[in-house]
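Reading through the structure tokens given below for one structure.
The values are calculated or read from the model by the stated rules, or taken from the named source; none is laboratory data. Note that the structure is predicted; figures quoted are calculated from it, not measured. Don't worry about glycine lacking a Cβ; one is built from the backbone with ideal geometry, like all the others, and counts go over all protein chains shown. To get the accessible areas, we keep the full protein, side chains included, count just its heavy atoms, and leave off ligands, DNA and RNA. Shrake-Rupley method; radii C 1.70, N 1.55, O 1.52, S 1.80 Å.
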Amino acid sequence: WVLMLALSTVLDDLPAMQQIQGLEALELCIREDLKPSRRVPSGVSTLVFHATAAWSADRYDTPREDIASQLRPAALGWLAERVGRDRTKDGVAFERAARWGLARPATPKSDRVVEAADGTLVIAGDGLGGSGVETAFLSGQAAAGRVLAGRARRTSSDAGLFEGAAG
């Protein structure tokens, strides 16, 4: 489950993405208003709070309105601790919960990429190195690095094939 909030205040000092520690229900806060090409009204911060896998699994079939009302106090409480309670007092301008039931692997792999022993295949994805679109991006970067490194190795080893050839 995720909880999307639009707050009637600007939270400039809150980072683009922050892990949440010590809460049963929440594990991640992402500032959508900091992402490129997002149209956000002036004076508003938009946030997405990701619930933990265990919390979400226990409430998989719960109606979204109930999820929103369950996650809101935890999200606003955590936020008030980070930015100050007076900064969140203006309230919530928009709220919605959404379930992404298959958005995360049950057991994400710790490696960012999987590579065939001979280097001919490199696999990347959001289940490698974590979960979510952010880790998918990082996995893609790591895969590109492996592909480029493999190309460089093959190019330098192929150069030896042509040494001493008559021209």
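Output the number of residues of the stretch 8-18 satisfying the condition of being farther than 27 Å from ALA54 by Cβ and either outside any loop (DSSP other than H, G, I, E, B) or of a type in the set (Asp, Glu) (or both). The number of residues fulfilling the criteria is 2.
Regarding GLN70, is this residue modelled with pLDDT of 90 or more and open to solvent by 90 Å² or more (accessible area, probe 1.4 Å)?
Criteria not met by GLN70.
Of all residues in the stretch 20-45, those that are in contact (Cβ under 8 Å) with a residue 24 or more places away in the chain, outside any strand (DSSP E or B) and either aromatic (Phe, Trp, Tyr) or more than 20 Å from SER8 (Cα to Cα) (or both) total 4.
Do the conditions hold for PRO36, that is, is it of a type outside the set (A, V, I, L, M), within 17 Å of the chain's Cα centre (by Cα), within 22 Å of ALA93 (Cα to Cα) and open to solvent by 20 Å² or more (accessible area, probe 1.4 Å)?
yes
Taking the numbered list (1) over 24 Å from VAL133 (Cα atoms); (2) open to solvent by less than 70 Å² (accessible area, probe 1.4 Å); (3) in contact with a strand residue (DSSP E or B) (Cβ under 8 Å, 6 or more places away or on another chain); (4) of a type outside the set (Phe, Trp, Tyr) in turn, GLY77 passes all entries but (3).
Looking at this structure, is TRP55 touching a strand residue (DSSP E or B) at 6+ places or on another chain (Cβ under 6 Å), touching a residue at least 40 places away in the same chain (Cβ under 8 Å) and open to solvent by less than 60 Å² (accessible area, probe 1.4 Å)?
no
Is there a residue being modelled with pLDDT under 95 and within 20 Å of GLY127 (Cα to Cα) anywhere in the stretch 77-85? No. The residues of the stretch 40-80 that are in contact with a helix residue (DSSP H, G or I) (Cβ under 7 Å, 6 or more places away or on another chain) and of a type in the set (Ser, Thr, Tyr), listed by number, are SER45, THR46.
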